[in-house]
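See structure below.
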Amino acid sequence: LKTALSGVIYNRTERTYNDLWTDFRSTDARPDGKVWDMYSNISNFTFGSDQAGSYKKEGDVYNREHSFPKSWFGASKKQILPMYTDLFHLYPTDGYVNGKRGNMPFGENKGESYKSVNGFSKIGSCTYPGYSGTVFEPNDEYKGDFARTYFYMVTCYEDKLPNWYDNYEDARPTLDGNKYPGLSSWQLSMLMKWAANDPVSRKEVERNEAIA
């Protein structure tokens, strides 16, 4: 079933990296028209005028976050496409918090290394059984969104998973090196819990429809 789904969803109209700025306006707008940021709950970004640029603190600018880090795909343009511009796993997020996350895996932690304002997102040693490295934990409000994003990624790109695992060390805490299930046992267990605790929201449905 997973392989069949991969065949259904893999073919798409490929976006350019620059297209994403425009795409976000229809996929990630809050009801008030501002940028819907899933890493910070203090940001109030305006599309266009607050995109990219330099940042010194949380709330300065938003950028294009690969929730499934791009360093897990490879280094060359040939290696990173089409994942690099796959809108389904790209989100507009606070540049400062995004920079703090880097290419860390998702996980649960106590926030001893970093907490965004109001403790919305946090970084620290993983407390979920099966892994003890440093992880980034999004807010409970969006954990299901990110879990389902990862289920999409390991389904859509299942043929590439063994290569990512073999060649890119940063991907190994998250992946298992196989096409199925694709995710390491601790990561799969945690993301299944996240998905169950944070069911699909209207925001998520509308985003999926806008991307389609």
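The values are calculated or read from the model by the stated rules, or taken from the named source; none is laboratory data. Keep in mind it's a predicted model, so treat the numbers as computed, not measured. Cβ atoms come from the backbone with ideal geometry, glycine included; neighbour counts cover every protein chain shown. These accessible areas exclude ligands, DNA and RNA; they are computed on the full protein's heavy atoms, side chains included. Shrake-Rupley method; radii C 1.70, N 1.55, O 1.52, S 1.80 Å.
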Count, please, the residues in the range 101-160 that happen to be in a loop (DSSP other than H, G, I, E, B) and open to solvent by 50 Å² or more (accessible area, probe 1.4 Å). 9
Right, Lys143: modelled with pLDDT of 95 or more, within 17 Å of the chain's Cα centre (by Cα) and farther than 17 Å from Tyr10 by Cβ or not? yes
Which members of the range 162-195 meet the condition of being in a helix (DSSP H, G or I), open to solvent by 40 Å² or more (accessible area, probe 1.4 Å) and within 20 Å of Phe88 (Cα to Cα)? Leu188, Met192
Hits in the range 10-31 (condition: in a helix (DSSP H, G or I) and open to solvent by 60 Å² or more (accessible area, probe 1.4 Å)): Thr22, Arg25, Ser26
Looking at Ser26, Ser49, Ser6, Ser67, which is the one that is touching a Cys at 6+ places or on another chain (Cβ under 7 Å) and small (Gly, Ala, Ser)? Ser6
Of (1) out of contact with any Pro (no Cβ under 8 Å at 6 or more places or on another chain); (2) at negative phi; (3) open to solvent by 10 Å² or more (accessible area, probe 1.4 Å); (4) touching a residue at least 24 places away in the same chain (Cβ under 8 Å), His66 satisfies every one except (3)
